[in-house]
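Asker: Please read through the structure below; I'll follow up with questions.
The values are calculated or read from the model by the stated rules, or taken from the named source; none is laboratory data. The model shown is predicted, which means the values in this text are computed figures rather than measured ones. Neighbour counts run over all protein chains shown; Cβ positions are idealised from the backbone, glycine included. All accessible areas refer to the heavy atoms of the entire protein, side chains included, with ligands and DNA or RNA removed. Shrake-Rupley method; radii C 1.70, N 1.55, O 1.52, S 1.80 Å.
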Amino acid sequence: MRTFAGTLQASGLRFGVVAARFNSLVTDRLLDGALRALAEHGAAESDIEVVRVPGSFEIPLAVRLLVSSGRVHAVIALGAIVRGETPHHEHLANTVIRQLAAVMCQHEVPVALGVLTTDTVEQALARADHTSANKGYEAAVTAIEMATLRRALIGLG
């Protein structure tokens with residue numbers, strides 16, 4: 001029996017990070033966490049491309065463009081969708097998550113989900129604090145593990 005698993009060694013891998021500017025108080029912290037995780041796990045700064053988009057709705061297109069470019073081994077998607085007075089946030093979250101999953105499966109490139117869906121800004125800020133519990137940090141670790149697993153499974157550099 002052969003067992004495959006990813007590692008947390010980012011050295012030699014290229015990453016795209018797509019971060020929404022809307023709710024920047026939260027998304028800037030998610031971005032900081034993701035970049036910290038990549039650095040702590042050996043990613044070179046020159047192997048990281050950061051793309052800023054207006055809001056979470058625009059994340060899937062930027063992710064698709066990065067993946068289609070062939071320049072990245074994995075993409076980290078970062079955003080914050082906070083409940084408002086209407087059900088708009090539910091439609092937005094469903095659309096964004098569905099489209100990110102479609103990009104990942106269609107292109108066979110890992111897309112790590114760091115798009116928060118919370119009831120309040122306070123909840124979002126708690127998930128974007130500056131510890132290793134930062135959801136941007138966690139998404140970056142997932143991207144590293146999935147990129148190395150992909151490499152192990154199909155042998156792509």
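Asker: Regarding residue 114, is this residue over 24 Å from residue 37 (Cβ atoms) and outside any helix (DSSP H, G or I)?
Answerer: On the way: over 24 Å from residue 37 (Cβ atoms): no; outside any helix (DSSP H, G or I): yes.
The answer is no for residue 114.
Asker: Name the residue that is most open to solvent (accessible area, probe 1.4 Å), counting only residues in segment 63-98 that are polar (S, T, N, Q) and under 15 Å from residue 17 (Cα atoms). If you could, list the steps in order and put the result at the bottom.
Answerer: Just the residues of segment 63-98 that are polar (S, T, N, Q), to begin with: 68-69, 86, 94-95.
With the extra rule that they be under 15 Å from residue 17 (Cα atoms), the set shrinks to 68-69.
Working: 68: 72, 69: 50 Å².
Here the residue is 68.
Asker: Any residue in segment 128-149 that is open to solvent by less than 20 Å² (accessible area, probe 1.4 Å) sitting within a Cβ distance under 9 Å of a residue that is of a type in the set (Phe, Trp, Tyr)? List the pairs, counting only those 6 or more apart or interchain.
Answerer: These pairs meet every condition: 140/15; 143/15; 144/15; 147/15.
Asker: Residues in segment 85-100: is at least one within 20 Å of residue 148 (Cβ to Cβ), without any contact (Cβ under 8 Å) to a residue 24 or more places away in the chain and among the β-branched types (Val, Ile, Thr)?
Answerer: Looking through segment 85-100, none of the residues is within 20 Å of residue 148 (Cβ to Cβ), without any contact (Cβ under 8 Å) to a residue 24 or more places away in the chain and among the β-branched types (Val, Ile, Thr).
Asker: While we're here: If I ask for residues that are open to solvent by 70 Å² or more (accessible area, probe 1.4 Å) and within 13 Å of residue 114 (Cβ to Cβ), which ones from segment 19-35 would you list? Before you say what the answer is, go through the steps one by one.
Answerer: Residues of segment 19-35 that are open to solvent by 70 Å² or more (accessible area, probe 1.4 Å), as a first pass: 21-22, 25, 29, 32.
Passing the criteria: 29, 32.
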